[in-house]
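Quick notes on the structure that follows.
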Amino acid sequence: MSTPQTFDNTYDAIGPMRAPAIVFLHGATATRKQWMPQFDALSDAYRVIAVDLPGHGELAHERFTLDGAAARVEQIIRERTPYKSALVVGHSLGGYVAMTLAQRAPAIVPGLVLAGAAINFTGLMGTLARMNAALFPLFPQRWLAGENTRMMRRMFKPEIAEAQIEAGYFFTSAGDVYRDLAGRDFHALLRAYPGPTLVLNGTKDWQNLRYEKAFLAAAQHPTLVHLHGAGHVSNLEMPEDFTDAVRRFAVRAFDQV
């Protein structure tokens, strides 16, 4: 296994310096270490970068906002990728950051992969997000961390689970996350994005499955892939299948550039 390069302690990179880039954005409360299973697998052909979002990992001291997270990812793409562009893969919260970035700077995003990120936070879902923003700070952080540790060890292989546990959880950012998601119309962002979009969901991720058709209808050039038997964190539950889906989509997306 190759050792990723770590830059300013907030993002990792691996793979050929002159290869097309894929940037990975983690889900809420997680860190860039969520993408460890994809790193070596894709670094044969791509420059692979995984980023800590504000409020998480090495950026836990920064307040999370979608616009601030998108601006940070844009800077990394413009300054640290070989061709100043990158396919952007986002899981859950990372998917919403990816869509925000694609609306902000579509020319540097040749393709989007949205994994477990098919909920539009308008109407009722916006109200529920505001409720979560108020409720999350009321839960003891130690209890949340303990529950997450037990879930990790139950669901994932030891080498995957222990790496996530060691990287830590960042529940203190959850209030800011839900507060900023509330009221956002991500369908509108997809309608404005001219590039290809892969919607990638596990067949046990019931909530995102419920809303994915609307995301497919909003995207200009959509593709849908289901990972059969996977739940919400499909890249850790079925890492090989997830990686294969991203690789197939990347080939098509970069061929269109």
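The values are calculated or read from the model by the stated rules, or taken from the named source; none is laboratory data. Everything quoted here is computed from the prediction, not taken from an experiment. Ideal geometry is used to build each Cβ from the backbone, glycine not excepted, and the neighbour counts take in all protein chains shown.
Can you find, within the stretch 115-145, the residue that is surrounded by the most Cβ atoms within 10 Å (Cβ to Cβ) among those that are within 19 Å of the chain's Cα centre (by Cα) and over 15 Å from Asp185 (Cα atoms)? Residue satisfying both the conditions and the ranking: Ala115. The lone criterion from (1) at pLDDT 95 or above; (2) farther than 17 Å from Leu53 by Cβ left unmet by Val109 is number (2). Ser234 meets all of the listed conditions (1) under 17 Å from Ala102 (Cα atoms); (2) hydroxyl-bearing (Ser, Thr, Tyr); (3) in contact (Cβ under 8 Å) with a residue 60 or more places away in the chain but one, namely (1). Scanning the stretch 210-225 for residues that are under 22 Å from Ala30 (Cβ atoms) and within 17 Å of the chain's Cα centre (by Cα), we see that the one that is surrounded by the most Cβ atoms within 10 Å (Cβ to Cβ) is Phe215.
When the residues of the stretch 26-38 are filtered to those that are among the hydrophobic types (A, V, I, L, M, F, W, C) and surrounded by fewer than 24 Cβ atoms within 10 Å (Cβ to Cβ), which remaining residue is modelled with the highest pLDDT? If we take residues in the stretch 26-38 being among the hydrophobic types (A, V, I, L, M, F, W, C) and surrounded by fewer than 24 Cβ atoms within 10 Å (Cβ to Cβ), then Ala28 is modelled with the highest pLDDT.
Filtered by the rule that a residue be surrounded by fewer than 23 Cβ atoms within 10 Å (Cβ to Cβ) and over 18 Å from Thr243 (Cβ atoms), the stretch 198-209 gives Lys204, Trp206, Gln207, Leu209. In the set Ile119, Ile77, only one residue is closer than 16 Å to Ala253 by Cβ and out of contact with any Pro (no Cβ under 8 Å at 6 or more places or on another chain); that residue is Ile77. Considering only residues that are among the polar types (S, T, N, Q) and either closer than 20 Å to Gln207 by Cβ or crowded, with 20+ Cβ neighbours inside 10 Å (or both), which ones fall in the stretch 89-114? Of everything in the stretch 89-114, those that are among the polar types (S, T, N, Q) and either closer than 20 Å to Gln207 by Cβ or crowded, with 20+ Cβ neighbours inside 10 Å (or both) turn out to be Ser92, Thr100.
Return the residues of the stretch 102-114 that are closer than 16 Å to Arg191 by Cβ and among the hydrophobic types (A, V, I, L, M, F, W, C); say none if nothing qualifies.
Within the stretch 102-114, Ala102, Val109, Leu112, Leu114 qualify.
Scoring Thr203 on the criteria (1) within 25 Å of Ala230 (Cβ to Cβ); (2) touching a residue at least 60 places away in the same chain (Cβ under 8 Å) leaves a single failure, condition (2). Screening Phe254 against (1) surrounded by 19 or more Cβ atoms within 10 Å (Cβ to Cβ); (2) touching an Asp or Glu at 6+ places or on another chain (Cβ under 9 Å) leaves a single unmet condition, (2).
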